[in-house]
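Please read the structure below before turning to the comments.
The values are calculated or read from the model by the stated rules, or taken from the named source; none is laboratory data. Model, not experiment: these values are computed from the prediction. Surface areas here come from the heavy atoms of the whole protein model, side chains and all, with no ligands, DNA or RNA. Shrake-Rupley method; radii C 1.70, N 1.55, O 1.52, S 1.80 Å.
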Amino acid sequence: MPSFWSSKMANAGIQLLGFTLAFFGFIGTIASTVMVEWKASSYAGDNIITAQALYEGLWKTCVSQSTGQVQCKVYDSLLQLPGIVQGARGLMLSSILLCFISILVAVVGMKCTTCMSELPEQKDKVALSGGIIFIIAGLLALVGTSWYGHRIAQDFYNPFTPTNARYEFGSALFVGWGAACLIIIGGGFLCCSCPNKGSGKAPRYPASHSAAPSGRDYV
């Protein structure tokens, strides 16, 4: 009996930890998506103008002056955007949507909630589904940020790229990478915490022989 309940509490703790990590990753993915510093102007090389810094994101571009003034401009046309920006937008928004769905699913399947408490096996399957969706969402965010970062590195080392037109990784990429890792790890915890088949059944205990009739009569 004690081992059964301790195992159950351990699984609930792992689920709660995984959900917390994935939730923080969800917040980080939203922050990364709306941030403008996906790529920042590079100061590598000679004759670089450092009076202003250029930042480009998925939704707008910004120019920061040395005086502290920042001017931003939203992209005018969706169809004129580079394919890398459109693809990164789609991947990040898909990741955010899947994370939101996974949060709803995981809350129902977690052991610390009362939803579907009378159906323990189905509840475990729901938690497993939430963890799988979290992992898929984390992979989408990881692919989106890595693809964008690869393009930045490719253009940076391209000898035909003008020196003043080279960019480096922005802070949004690092936030996105960290958030994607948190989501994947959290989803993995939700998947690993699910017990094996039949674990939702009540534990069996050996029958006590103390009250059983001996079958013999003594005088």
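Here are some notes:
- Separation of alpha-carbon centers, the range 97-146 and the range 52-70, rounded to whole Å: 38
- Think of a 1.4 Å ball rolled over the protein heavy atoms: the range 40-189 then has 55 Å² of accessible area per residue.
- For the range 113-170, alpha-carbon Rg over 2.2 N^0.38 Å: 2.08
- Accessible surface of the range 94-140 [probe 1.4 Å, protein heavy atoms]: carbon and sulfur percent: 77
- The value for the range 63-119 of Rg(Cα) / (2.2 N^0.38 Å) is 2.02.
- Segment Gln80..Val63, full-extension length gain: 4.1 nm, with 0.36 nm per residue of separation and the alpha-carbon distance subtracted.
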